[in-house]
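A short write-up of the structure that comes next.
The values are calculated or read from the model by the stated rules, or taken from the named source; none is laboratory data. Quick caveat: nothing in here was measured; it's all calculated off a predicted structure. Using ideal geometry, Cβ is built from the backbone for each residue, glycine included, and neighbour counts are taken over all protein chains shown. Each accessible area value is taken on the protein alone, full model and side chains, heavy atoms only, with ligands, DNA and RNA left out. Shrake-Rupley method; radii C 1.70, N 1.55, O 1.52, S 1.80 Å.
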Amino acid sequence: HPPPPPHITLPTHFARHSLASVFFIVAESIEKAKESPFLEQALAQDVEVLFMTDAIDEYVVGHITEFSGKKLMSLAKEGLKLKEETEKEKKIHGKRKEAWEPFTSWLHSTLGEKIEKATVSKRLATSPCVLVSPSYGLTANMERIMKGQALADGSSAGQTAKRIMEINVRHPIVDELRRKVKEDENDQTAKDSALLMYEIAALQSGFALEDMNSFASRMHTVMKKGLNLDVDGGLVDEEEYTIEEEEEEDDEEDDEEEGGDEEEDEEEDEEKKDVKDEL
């Protein structure tokens, strides 16, 4: 394993860069931070990101939005801009959002209260979608910390973070899902796929699932389809197991020995009872 990256202070980090914003991600560990889908575009554009892994970090960055005149930007929240956009890029993204608006509206309608809204992402490179938090809302990591504290205190489950789904319009899953919705917005396969896509994104983004059993059931359905099995099929018939005559005789002898042991035990119990009665 490579050694962990060195710790660095904010002033030292600022001195190395002339960026107007500093990007960071708060996670349970360095390993978790490195695996986060929030990093995809930052890595693609070679943007340096600070990893914060102390529990106190989530509280600090929640109250400090600037440091030494530079904005602190969380990769886990909406409105992320990794670089300044040209007017042309802004117009193109506006057209992109407009073209995908029917599909994002369908996603919001299909997922209901699970998400606050669905929108086109600027932070994704390879994943189909991700769940982010509102600018002034709880992140998935903060939700985890608060739920842990609530359980430790014996109180309620704590606050639940609002979730915004960002989609990668270039991903083949998203593109095919949009095509299906255009043909029939009530397509059950499309609805099931959207829900499964949301659940996978929730896990990748650090959120807890509301219903793990339903998620497992959907995954089993996907596995059955991949193996060309009947989705509604029940259990298969169990194969028959033949037992040789010698094995049957051995089983009978074992039963007889066990029966004999039981009779001896009963006789001993009777003798003890008789002795007690005489006394």
Answer with yes or no whether Leu72 is surrounded by 14 or more Cβ atoms within 10 Å (Cβ to Cβ) and not in a helix (DSSP H, G or I). yes
Just checking, does the range 116-137 include any residue being buried (at least 19 other Cβ atoms within 10 Å of the Cβ), among the small types (Gly, Ala, Ser) and assigned to a helix (DSSP H, G or I)? no
Members of the range 26-46 found to be in contact with a strand residue (DSSP E or B) (Cβ under 6 Å, 6 or more places away or on another chain) and among the aliphatic types (A, V, I, L, M), listed by number: Val26, Ile30, Ala33, Ala42
Take the range 8-52 and flag every residue that is under 23 Å from Ser68 (Cα atoms) and part of a helix (DSSP H, G or I). Leu10, Pro11, Thr12, His13, Phe14, Ala15, Arg16, Ala42
Looking at Glu113, Glu101, Glu89, which one is among the acidic types (Asp, Glu), surrounded by fewer than 20 Cβ atoms within 10 Å (Cβ to Cβ), assigned to a helix (DSSP H, G or I) and at pLDDT 95 or above? Glu101
In the range 31-60, how many residues are among the polar types (S, T, N, Q) and either in contact with a helix residue (DSSP H, G or I) (Cβ under 6 Å, 6 or more places away or on another chain) or under 14 Å from Gly206 (Cβ atoms) (or both)? 2
What residue, among those in the range 56-69 that are outside any strand (DSSP E or B) and open to solvent by 60 Å² or more (accessible area, probe 1.4 Å), is farthest from Ser135 (Cα to Cα)? Ser68
Checked the range 51-102 for anything under 19 Å from Phe14 (Cβ atoms), over 23 Å from the mean Cα position of the chain (by Cα) and charged (D, E, K, R); matches are Glu66, Lys70, Lys71, Lys81, Lys83, Glu84
Could you figure out which of (1) in contact with a Ser or Thr (Cβ under 9 Å, 6 or more places away or on another chain); (2) assigned to a loop (DSSP other than H, G, I, E, B) isn't true of Glu84? (1)
Report yes if some residue within the range 45-55 is out of contact with any Asp or Glu (no Cβ under 6 Å at 6 or more places or on another chain), touching a residue at least 60 places away in the same chain (Cβ under 8 Å) and open to solvent by 70 Å² or more (accessible area, probe 1.4 Å); otherwise report no. no
